Structure formats: C-alpha cells, structure tokens
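One structure below.
FYI, it's all coordinate maths here, none of it is from the lab. The model shown is predicted, which means the values in this text are computed figures rather than measured ones. Cβ sites come from the backbone with ideal geometry, for glycine too, and all protein chains shown count toward neighbours.
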Amino acid sequence: MRRLKPMLWICSVLCLCAVPAVAEQAAPPRPDIPALCKQVKPAYVFIDGGSGAVVSPDGWMLTNAHVVGPRRQFDVRTGDGRHYHAKLLGRDVGGDLAVLQLDLKPKETVPCLEIGDSEALHVGDFALAVGNPFAEGLFDQNPTFTLGVISALNQTLDNDADAIATDAAVNPGNSGGPLIDMTGRLIGINGQIATRWGLRSNTGLGYAISARQVRLWLPHLVKANGNEVLHGRLSGVEFESSEAADGKVPKIMDIVHDSPAEKAGLKIGDRFDRFDGRPITSAAQLAQAIHIYPQNQEVGVRVERDGKEVELKLKLLALKPGDLGIKLSPPGKGDEYVHIGELAKDSPAQQAGLKQGDEIVKIDRIELKMTVQVQFRLLTIWLKQGVNAGDIARIEIRRKGADGKPVTQELRIVAR
C-alpha cells in the first residue's frame, strides 16, 4: 500500500478527528417529552367527548365549533382533574373555532398555554398533540399525548388555507385539543383528520388550525356575546376566468361602484400579488386566503398594475344574503331553458333590463346544458342561497327580437 506524504497524513487525521465534534455541535437538544407533557396537562380541557385548551389565566378556552355545536353552556374538566362550568363566548362555524369562558371564583386564575408563532414553524419540527381519542379520557381521567413532526404548512383544507399538517396521531376526540411545540406553546388547534375508506381513525395525517388564525379570531370571538362571528369577503369585484389568466392570478374585470373594493383603490386590470404579506399565485389561493379573516378585518395587499406594484388596504366585510329580484316560471312542456316568471319592481334584475318571459341560457358565462327540470332546481337554490349582496351576476338571456327571431344578450346585475 502506498504511503501518504507526512503533511497529507497529518491533515487527514485532523479532519477525521474533527468530524465527531462537528456532528455533536450540529445535533439539536433532545426535548424532555415527559416534562413537556406534565407542563401542558393542567391547561388541557375535556369537553364532552372532545378537547379544548385554556389560553388565558382568566379562563378563555379554545376548542372546535363542531365540538361545541349549538350549545351555550358546558361542564368541563381540566387535565389535572378540576371541574368548571363554562359558557360560550363566540364561535366561527366556517373556520371551526370556538371560545368558551370558564366560570372562575373571584381572583382565581388557571394554568394556561401561551399562543405561539406558527409562522416560525418549519417542516420537520417536532409537535405534540394532546387529546381525548375515542373519549378514552372519560374512563381513565387523563388526556393522551402523541408525538410527531410538522408534515406541511399553509395547507388548504376545505375553507382553511392556513392549516398545519402533522403526523402526530390525531383521532376522533382530539378535536379542539392543542398542538404544542417543544417549548410548550400552542401552535394550533387540532380539527380534522385525513381518512380513507370511510374509517374515522388516524391514517397518518392530521390537520390543525394555525396559531396565526387563532390570533386573528380570538379578539373577535371573546366579544361576540355567545354569537357567531362571520368571515370577511372582498365585495364588489369580478375576476376574469381562471382559463384566461394564463396560470397567473386572474385580473379584475369589473368593480361595483361605491363598493368596498372601489373605496380601497382597486382598479380594473389589477392582479393580486400579495395578501397580508403572503404571495398569491392563483384564484383559488386568493379565495382561500380571504376566507381566513373575520368580518371587518383590514388587510394590507399588493397588486400588480401596469407593470408596477401598488400597496393598498382592504376592509373585508361579512357575507350578506343578496337578492336579484327574480322569480322563475316552472318548466313547461317542450321548454329548453327556464323562463323568468316575475320581476320585483325596481329590483336589480329589472333595472339591468331583464324581462318577464326571458329564457336563462347562461349564468356567469356557464351554459345550462342539463334538463330544464334540473336547471329549475339549481337556479332556484342559487337565487335563494348562492347570491350575496354586492355580487356581480352575469346572466345571458334569450328572447324574441323585433323580427321574431331569438336573440341572446348578456346582462350585468349587481345583487343588493
């Protein structure tokens, strides 16, 4: 075997000796899981068959809206065995979040969890889920603790675009319980699980409402006086179709006069670039990002306008049911499309030029190709439940022209 030169041999030995030291320095400190479980347990709450977490010394308690249901009064028990009466302060049904107030004695305080910073999380960080799976805590009087990692961040799940995914085992009964980081801070409220084949049990992935979303909603929910807090929306804006956007965020094609969007300074042709500091790359992502926020929330946005970046402030208002002033005629024999039956006087539809007897061919440029009976049912539901105040509805109608031949026309109707 050929010998190394003296200097090369010395350098090789020094490098080999340095490897364990570098590896030892790079290794993160190992968390003391038993101590962390002991620290968190007194702030955990059993509520019926679900879970909750105390987040203030004076007894504010977080859980899921689906755990609370329609009730307003509760008897709960903390992880260390204390019993309390609790009342509902507020609920966010769309975001599946609720806040209760524990009934404490004068000057009494309770152990609580500090709300952490979910924006500082990284995929691969350890996470601890605390809960009451399958209501087992009703028998042994103790919550369960499951350890995993943060699997993904900012996940879009149903109406939540900011969910935290974790492989810490979460099962029915964990709903409403805390997801904890290795400092003992609450980074999320466990709410949903990924399931397969209809089985309501853990399949390796659970989802939590982020601490960021909790912080946004908590001030509103504690002041709701037991009522529901609604989600905000961007009112008075119509976007181009996603197909026309060429993979970008769709441009604004229309803005309702004197709407919150117009008052905020949005203009036709704008594309959203950032929403509350986060990049926006698609129409779906924009819609989900908006849904995170409560009503009356003011949010900073950045739009792309004529090659420049423009910073604006938007106020997101609550959804309110809207009305177009249309009544439909039941389908007749041989009808191809649904006919307009009646129009309310001075209604948005009448002011836009819609007439009795007009046939509805398209809604928002989508042709109605199904049977007329199905059209009637779908349009009836849409008019009652799918129209919000401030929405721009585009209805293409067909009617007989002056020469007796059918002509089509698209009408722009702003719901009120």
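Structural remarks
- With 0.36 nm allotted per residue and the present C-alpha distance subtracted, the Lys345-Thr408 stretch has 20.4 nm of extension available.
- Three principal axis lengths of the stretch 40-154 [C-alpha, angstrom, descending]: 41, 32, 29
- Under the simplified labelling scheme, the Arg82-Ser329 pair shows an inter-label distance of 7.0 nm, with each label point 7 Å from Cα along Cα→Cβ.
- Under a model in which nothing but the beta-carbon of Lys, Arg (+1) and Asp, Glu (-1) is charged, the chain shows a dipole of about 140 debye around its Cα centre.
- Here r is the Cβ-Cβ distance between Ala318 and Lys384 and R0 is 22 Å; the resulting FRET efficiency, rounded to 0.05, is 0.75.
- Percent breakdown of C-alpha pair distances by 5 Å bin, ordered from the shortest bin, for the stretch 326-414: 3, 14, 25, 30, 19, 7, 2, 0
- Counting all C-alpha pairs of the stretch 232-318, share separated by more than 17 Å (%): 42
- Scaled against the 2.2 N^0.38 Å expected of a compact globular protein of N residues, the Cα radius of gyration of the stretch 118-213 reads 1.00.
- Once the Cα-Cα distance is subtracted from the 0.36 nm per residue extended length, the Arg30 to Glu336 segment shows a gain of 103.2 nm.
- Taken one residue at a time, the phi angles of the stretch 209-218 give Karplus couplings (6.51, -1.76, 1.60, θ = phi - 60°) of 5, 6, 4, 4, 5, 4, 4, 5, 8, 4 Hz. Gly and Pro are set to x.
- A DSSP coil position with no more than 12 other Cβ atoms inside 10 Å describes the following trypsin sites (Lys or Arg not before Pro) in the stretch 355-397: Lys355, Arg365, Lys369.
- Per-selection Kirkwood Rh - the chain (Cα, Å, 1 d.p.): 25.1
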